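Worksheet: one structure, shown below.
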Amino acid sequence: MLAYTGPTFNSDGSIDMEIEHPVHGLIPFTASPDDPEEHGRLLFADAQATAAPYVAPLPTLAQRKKEVDALRVQVIASGLPYDFSDGPGTIQLRNESDVRNVMGVAASGQSLASMGSSETISFRDAENVTHDLSPNDAVLMGLAVSAFISAHYSTAWSHKDAMQTLSGQALADYDITTGWSN
């Protein structure tokens, strides 16, 4: 069997090490129990009892900021609980299309209100309940959605600002789940 040094489990469950190659000297090698070559399977079997455990690398600031962005999107996509004039519901905000739809309803309400019309605008919520909105109610719904989205962007920016000076374990331990409201 080839001599090896520094066996360490990696994120895939195989073992990274350096083997003493007869021609090239020490070279990196990954031993796996599923290696198609017998020497790879034998090295894995021999090294697994003494291999150092896998230690995940600490996240970078860029990675943590992406986590904040993903959480912001998830929180907004969960929708906005809203009290319509005919009862409670949830305004769907799963994607840009949903947001455009809400803003379109609000713009329609604004246009109708400016013309002095009392025509209602139908809006279907996440629970599949249709609400007939007055022009003013449509505008208020749009304003509520705008405030909801802005608040979550503000929370995301606060987290990103707070993490700006952190590194290493402190950055990894920073709790990005606080401060989000629904």
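The values are calculated or read from the model by the stated rules, or taken from the named source; none is laboratory data. All values derive from a computational prediction rather than experimental measurement. Cβ sites come from the backbone with ideal geometry, for glycine too, and all protein chains shown count toward neighbours.
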Whether any residue in segment 123-130 is in contact with a His (Cβ under 8 Å, 6 or more places away or on another chain), in contact (Cβ under 8 Å) with a residue 40 or more places away in the chain and crowded, with 17+ Cβ neighbours inside 10 Å is what I want to check. yes
Screening ALA151, ALA144, ALA172, ALA138 for residues that are surrounded by 19 or more Cβ atoms within 10 Å (Cβ to Cβ) and either in a helix (DSSP H, G or I) or at pLDDT below 95 (or both) leaves only ALA138
Filter result for ASP83 (without any contact (Cβ under 8 Å) to a residue 24 or more places away in the chain, acidic (Asp, Glu) and part of a helix (DSSP H, G or I)): no
Can you spot a residue in segment 66-80 that is over 20 Å from GLY142 (Cα atoms), in contact (Cβ under 8 Å) with a residue 24 or more places away in the chain, within 24 Å of the chain's Cα centre (by Cα) and not assigned by TED's automatic domain parsing to the domain that holds ALA151? no
Which ones in segment 88-126 are touching a Ser or Thr at 6+ places or on another chain (Cβ under 6 Å), of a type outside the set (Ser, Thr, Tyr) and farther than 19 Å from VAL75 by Cβ? ILE121, ARG124
